[in-house]
1. Please find, in a Gaussian network model of the chain (springs between Cα atoms separated by less than 10 Å), the residue of 80, 47, 113 whose mean-square fluctuation is greatest.
2. Can you work out the PRE-style zone for residue 61? Point 7 Å along Cα to Cβ, and I want the residues of the range 96-125 with backbone N under 20 Å.
3. Please state the relative contact order of the range 134-215 as a whole percent: Cα pairs under 8 Å, 6+ residues apart?
4. Please identify, among 127, 19, 45, the residue showing maximal mean-square fluctuation in a Gaussian network model of the chain using a 10 angstrom Cα cutoff.
5. On C-alpha positions alone, give me the angle between the axis of helix 205-215 and the longest principal axis of the chain, in degrees, nearest 10.
6. Mind putting together the pair-distance distribution for the range 162-279? All Cα pairs, 5 Å bins, whole percent per bin, short to long.
7. Enter the angle in degrees (range 0 to 90, nearest 10) between the Cα long axis of helix 149-160 and the first principal axis of the Cα atoms of the chain, meaning the one along which they spread out most.
8. Suppose the chain between residue 224 and residue 200 were pulled fully straight at 0.36 nm per residue; how much longer would it get relative to their current alpha carbon spacing?
Amino acid sequence: MSTTHIPVLLQEVLTYLQPEPNQSFIDGTVGQGGHAEALLERVLPEVRQTVRYLAIDRDASNLAVAKDRLSRFGASVVSVHDRYANVKACAYAHHFTAVDGILLDLGFSSIHVDDPSRGFSFRSDGPLDMRYDVSGGLTAADIVNTWSEDELARAFRQYGEETKARDVAKAIIARRKKRPFERTLELSECVQKVVPKRGQIHPATRVFQALRIAVNDELGELTRALPDLVDLLRPGGRLAIITFHSLEDRIVKTFMKERLDLRVLTRHAIKPSIMEVRENPRARSAKLRVAEKIS
Ligand SMILES: C[S@@+](CC[C@H](N)C(=O)[O-])C[C@H]1O[C@@H](n2cnc3c(N)ncnc32)[C@H](O)[C@@H]1O
């Protein structure tokens, strides 16, 4: 199994979530296990078995890679195929309460864009899917073929901050009357007819981001999960969240500021260094915020 995803802001995450013997952690988006492996490696081999790590991911193929990669840490790693909004049920089922650290590294992983068959890429052709969990739920094709012009325009505006949202929605409705959308490139070409090229950014970027967020209810997942994550922390435990766009970051920033039982440890969001972005361009929009539970 190949691990192609490079974990972002790794050193910074390690600094804030220093694992100690007998501690427990929850990773709500373990992906291919990059952060998880680095965190567990920090603990001396002779006491590693005392650290417990709950690894959750909605994508079964990523979780399988993580499981394989983390198998050398033995029974201290528990992997669960679920969405992190169900974190409380997952944690209680596996006796993770009063945990020392929680990590969310949001969004998609490299494999999602690198593998055209997952339908996330506007550059390579594939089925218009975009689900992290392919076992159920609406696909991106279902959305573009059935939502009304208003619903599509609202999603493109809200989740993609696309200024041409209404024009794109109209173009989609006109095109789908002739034939429903099935492939990523069909949608990408339709968008390019109404959205001008802006600098280096591909015209379909914002529409694809909006659809990905809608398909996986990404903002709803985050909003529902945040209070449960805090409940699962022990006093002194830390919540570290990496976001990749302003919509998610705003939700995290506001939540951390408003919760009276949290002390924010990152006054400003931590961003990757120029060197990290050079080595891993996917890191360029990452922001890390960390808070500690105080009571
Ligand atoms: C950026 S990757 C995580 C990478 C990981 N930290 C690593 O170093 O390998 C994000 C992961 O979150 C997963 N994901 C997205 N939304 C999720 C959700 N609501 N619940 C659980 N996993 C989710 C995706 O399937 C993906 O594997």
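1. Checking each option, the largest mean-square fluctuation is seen for 47.
2. In the range 96-125, the label zone of residue 61 (backbone N under 20 Å from the point 7 Å along Cα→Cβ) covers 106-125.
3. Values: 83 pairs, mean separation 32.8, N = 82.
With pairs under 8 Å counted, the relative contact order is 40 percent.
4. Most flexible of the set in this elastic network: 45.
5. Once rounded, one gets 60 degrees.
6. Spelled out per bin, shortest first, that is 2, 8, 16, 15, 14, 13, 12, 9, 7, 4, 1, 0.
7. 40 degrees
8. Details: separation 24, 0.36 × 24 = 8.64 nm, distance 3.47 nm.
Here the segment from residue 224 to residue 200 would lengthen by 5.2 nm.
Every number in this text was worked out from the coordinates using simple rules, so none of it is lab data. These numbers were taken from a predicted model, which means no experiment stands behind them. All Cβ positions, even for glycine, are placed from backbone atoms using ideal geometry, and neighbour counts span all protein chains on display.
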